[in-house]
1. With the structure loaded, tell me whether residue 6 is modelled with pLDDT under 95 and of a type in the set (A, V, I, L, M, F, W, C) or whether it fails that test.
2. Mind checking which residues of region 60-74 are among the aliphatic types (A, V, I, L, M), part of a loop (DSSP other than H, G, I, E, B) and within 13 Å of the ligand (Cβ to nearest atom)?
3. What number of residues within region 42-59 are within 9 Å of the ligand (Cβ to nearest atom) and loosely packed, with under 13 Cβ neighbours inside 10 Å?
4. Looking only at region 35-62, which residues are small (Gly, Ala, Ser) and modelled with pLDDT of 90 or more?
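The values are calculated or read from the model by the stated rules, or taken from the named source; none is laboratory data. Note that the structure is predicted; figures quoted are calculated from it, not measured. Methodologically, a virtual Cβ is constructed for each residue, glycine included, from the backbone with ideal geometry; neighbour enumeration extends over all protein chains shown.
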Amino acid sequence: MIRIDIATLVFFYILFSVIAILVVWAILGYRRMRGVSGSVDNADFIWKCSICFHDYIDSLHDDISICPLCGSYNKRESLKN
Ligand SMILES: [Zn+2]
């Protein structure tokens, strides 16, 4: 068995916690920065299904979204018209 003293254990625990927080913070900042640099309003999240023409909101996906009504995949270009 590997012997690790408590100080080393606490050090690595804090180290990995800080790394995890930094990664989450960087991802959130990156997503927010992309949202600001594009169009500011919520029109980026509004999708129009190309099959059933159902309007819905999907803020989780950027390029391809799934229509909640008919389940078909929609690409980003379908929003612009
Ligand atoms: Zn649909």
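1. Spelling it out, residue 6 is indeed modelled with pLDDT under 95 and of a type in the set (A, V, I, L, M, F, W, C).
2. From region 60-74, those among the aliphatic types (A, V, I, L, M) are 60, 64, 66, 69; that's our starting set.
Pick out the ones that are also part of a loop (DSSP other than H, G, I, E, B) and you get 60, 69.
Across region 60-74, the qualifying residue is only 69.
3. Count: 2.
4. Once the filter is applied, which keeps residues that are small (Gly, Ala, Ser) and modelled with pLDDT of 90 or more, region 35-62 yields only 50.
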